[in-house]
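The structure under discussion appears below in the form of structure tokens.
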Amino acid sequence: MKLKLFFVLALIAVFAGGCVSNKNSAPAPAIPSGTFEGQFRRVHTSSKNGVRDTLKANVELVLNNTSGFTLTPDNTSHTIAAGHGGYVIESQSHLILFNDITYQVTTGTTDRVHLTGTYQYYYDGKVFQMANNSFLDTLSLQFDLKKRN
């Protein structure tokens, strides 16, 4: 229940921020849409000894304004789970919020990451990069993707 409330409040904040007008603003940045392919990285830095552990997987991400997103990792990935759901982009802040409807919050631990939460992104029309860093910077989820032609 709290997770759903969080996403509803985040969506309201994103839409409310988009209603503010500035006539002297720069041209609107490119908004990612379409099919992207590349690498996902899960980088964990031990808080005890500073050692980094990196897990990688090849992924395909489809962003569709109407139907949402679909994430498909390669069939050998034990790092990131396939998923789909909705997303909201705040292009002025370069933030994208994902809500993977296949993700179920459990009390147990899992090694597979789901595409859910808020990511900072960079997109230039071809290169699409996203990152989500934990509060203490011990975990970083990174996507380094390119648009498929």
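The values are calculated or read from the model by the stated rules, or taken from the named source; none is laboratory data. Small disclaimer: the values here were computed from a predicted structure and weren't measured. As a convention, Cβ positions derive from the backbone with ideal geometry for all residues, glycine included, and neighbour counts pool all protein chains shown. These accessible areas exclude ligands, DNA and RNA; they are computed on the full protein's heavy atoms, side chains included. Shrake-Rupley method; radii C 1.70, N 1.55, O 1.52, S 1.80 Å.
With θ set to phi - 60° and the Karplus curve 6.51 cos²θ - 1.76 cosθ + 1.60, what are the ³J(HN,Hα) couplings of region 119-133 in order, to the nearest whole Hz, using x for Gly and Pro?
Along region 119-133, the couplings run 10, 7, 9, 10, 8, 10, x, 10, 8, 10, 10, 9, 8, 10, 10 Hz.
Output the peptides 46-54, 62-70, 112-120 sorted from most to least packed, where packing is the average of other Cβ atoms within 10 Å over each peptide's residues. Could the numbers behind the result be given before it?
Values: 46-54: 8.7, 62-70: 13.7, 112-120: 19.0.
Going from most to least packed, we get 112-120, 62-70, 46-54.
Kindly sort Asp100, Asp137, Asp124 by accessible area of their heavy atoms, largest first, with the probe set to 1.4 Å.
Working: Asp100 5, Asp137 110, Asp124 85 Å².
If we order Asp100, Asp137, Asp124 from most to least accessible, we get Asp137, Asp124, Asp100.
Kindly sort Ile89, Ile96, Ile101 by accessible area of their heavy atoms, largest first, with the probe set to 1.4 Å. Don't skip to the end; give the middle numbers.
On the way: Ile89 40, Ile96 0, Ile101 105 Å².
Of Ile89, Ile96, Ile101, the descending order of accessible area is Ile101, Ile89, Ile96.
Classify region 55-149: rounded, prolate or oblate, from the alpha-carbon gyration tensor (a ≥ b ≥ c, eigenvalue square roots; a/c under 1.5 rounded; otherwise prolate if a/b is larger than b/c)? Please list the in-between numbers first.
Details: a/c = 1.38, a/b = 1.27, b/c = 1.09.
Verdict is rounded for region 55-149.
Quick one: ranking Glu37, Glu60, Glu90 by accessible area, 1.4 Å probe, largest first, what do you get? Can you show the working numbers first?
Details: Glu37 85, Glu60 55, Glu90 30 Å².
Correct descending sequence by accessible area is Glu37, Glu60, Glu90.
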